[in-house]
1. Which of the following residues is part of a strand (DSSP E or B) and away from every other protein chain (no Cβ under 11 Å): B:93, B:59, B:55?
2. So, in the range B:63-72, how many residues would count as being at pLDDT 95 or above and part of a loop (DSSP other than H, G, I, E, B)?
3. Kindly evaluate residue A:104 against the criterion of being in a loop (DSSP other than H, G, I, E, B), surrounded by 15 or more Cβ atoms within 10 Å (Cβ to Cβ) and either touching a helix residue (DSSP H, G or I) at 6+ places or on another chain (Cβ under 7 Å) or at pLDDT below 95 (or both).
4. When you go through (1) crowded, with 19+ Cβ neighbours inside 10 Å; (2) more than 14 Å from chain A (Cβ to nearest Cβ); (3) more than 30 Å from residue A:5 (Cβ to Cβ) one by one for residue B:25, which number turns out not to apply?
5. Can you tell me which residue in the range A:21-35 is nearest to residue A:92 (Cα to Cα), limited to those that are surrounded by fewer than 18 Cβ atoms within 10 Å (Cβ to Cβ) and at pLDDT 90 or above?
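The values are calculated or read from the model by the stated rules, or taken from the named source; none is laboratory data. In this text, all values refer to a predicted model and were calculated from it rather than measured experimentally. So basically every Cβ, Gly included, is an ideal-geometry build from the backbone, and we count neighbours across all protein chains shown.
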């Protein structure tokens, strides 16, 4: 699939907010997703948002969607050291049977 | 059961070997996927099965051969691989292929090293 862009690295202090950004490619994507991958593990779904929404909040997570600019962001409030991981945004690709096309991933490092 | 189980967790094989990766889910999902993930890269789609039929093949070389024996199992048969095929192979499943939220549940992966 085409490239879904993300900033590659983010470092924050424990207790601060983290904001991870993503620019996706397929304007027909009806759902957009955020996954988390810890070292040596598979991917874990964090949240997803319907393209008709511009915001979704789920406990410490806030997703913002700007469909006009094809920009998606994930805000993690009160970031903890256990949040250190790689975060992938993903879009459903219609021509791949709605399988997910992943961004390059943002490596989040949370320091004490 | 809300898990996707992959075996083996680690596999080392020579270029002339034949081996298989296995994936199992008991969530009643009817879509299953193989993704390949190289170090520090995103997962790349390889194959999609829908209702036990191959739906998508993302131009994967024939040395990778998928098989879906039943709705709970997905195999990836490996033969005559190259060192550049070394990667983490991720299996995933979802309820079915749909235009709504297609939430994939991933296994922990099988880490393959080809010598």
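1. When all the criteria are applied, what remains is B:93.
2. Residues meeting the conditions: 2.
3. yes
4. (2)
5. Restricting to residues being surrounded by fewer than 18 Cβ atoms within 10 Å (Cβ to Cβ) and at pLDDT 90 or above, the top hit is A:23.
Residues checked against (1) facing chain B (nearest Cβ under 10 Å); (2) under 23 Å from residue B:40 (Cα atoms):
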| position | (1), (2) |
| --- | --- |
| A:60 | no, no |
| A:79 | no, yes |
| A:86 | yes, yes |
| A:92 | yes, yes |
| A:95 | yes, no |
